[in-house]
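Report on the structure given below.
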Amino acid sequence: MVGVLALQGNFQSHIHILNAIGIESRLVKNVEDLSGLKGLILPGGESTTMSNLLFRDQSFIDGIKLFSDNKPILGTCAGLILMAKNSFDKKVLNMNIIDIEVNRNAYGRQVHSFDDLINVEYKNSEPLSIRASFIRAPKITNLGEDVEILCKHNSEIVGVKKGMHVAVTCHPELQNEILLHELCFKG
Ligand code: GLN
């Protein structure tokens, strides 16, 4: 069973994808909900709102960090921001699950949101193209040494992999793309 953080944001579309690939799912609203899960998704939404809710419950934050020590986490957009080492904003929780620095809302406002193809390159296989939505997306501005590049949009890095964890700046799940969920939780 894979959990989806369900404090705010587009958690329901991740539940939909997990159903589509035959993985049981559970909404995660507190630290107890993490027990027994084999993976976790941090969805998109508003990272400041999710952070506000998480800051109220240090045991939940500690629980997620501990979970990341031996179980995979997939983060999309705001989820990637929460997983990053730094987003240079005190209002935002950065759990340092992947050693990346990010710049929030780096493509501009909501009107500058767009859908496009991204390339996914994994394990020396041919790059695969999948569709993704960029909605007030962040940009990755710095990458730690142990972080692999997983997805690119044009020449820009929009997805990374660190060990078993995957994070993307965009939303493949809103385009019904299942590849990253399979890679993270079935691979
Ligand atoms: N702009 C949002 C933030 O900074 C992220 C947007 C999203 O998750 N689609 O939290």
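The values are calculated or read from the model by the stated rules, or taken from the named source; none is laboratory data. Given the structure is predicted, the values throughout are model-derived calculations rather than measurements. Here Cβ is always computed from backbone atoms with ideal geometry, including for glycine, and neighbour counts include all displayed protein chains. Each accessible area value is taken on the protein alone, full model and side chains, heavy atoms only, with ligands, DNA and RNA left out. Shrake-Rupley method; radii C 1.70, N 1.55, O 1.52, S 1.80 Å.
Tabulated values for the structure
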quantity	calculated
Evaluated at q = 0.15 Å⁻¹: base-10 log I(q)/I(0), Debye formula over Cα of the stretch 1-62	-0.43
For the chain, convex hull of alpha carbons as volume per residue, Å³	105
Long-range tail of P(r) for the stretch 24-112 (Cα pairs > 23 Å, %)	19
Segment Asn86-Leu66, length gained on full extension (0.36 nm per residue, minus Cα span)	5.3 nm
Residue-span extension gain [Glu121 to Asn105] - 0.36 nm each, minus C-alpha spacing	3.3 nm
Cα Rg, Dmax, the stretch 92-173, angstrom units	12.5, 36
When each of Lys161/Lys186; Lys71/Lys91; Lys90/Lys162; Lys162/Lys186; Lys29/Lys65; Lys123/Lys186 is checked by Cα-Cα distance, pairs over 20 Å	Lys71/Lys91; Lys90/Lys162
Whole-number percent relative contact order across the chain, with pairs defined as alpha carbons under 8 Å at least 6 apart	20
Derived scalar couplings ³J(HN,Hα) [the stretch 84-94; Karplus, 6.51 cos²θ - 1.76 cosθ + 1.60; whole Hz; x for Gly, Pro]	6, 7, 7, 10, 6, 8, 5, 6, 10, 7, 10
With every protein chain in place, the chain: carbon and sulfur % of accessible area (1.4 Å)	46
Accessible area (Å², per residue) of the chain, counting only protein heavy atoms and a probe of 1.4 Å	46
Percentage relative contact order, the stretch 86-172, counting C-alpha pairs under 8 Å, at least six apart	28
Total formal charge among the other residues, if their Cβ is under 13 angstrom from that of Asn119, Lys/Arg +1 and Asp/Glu -1	-3
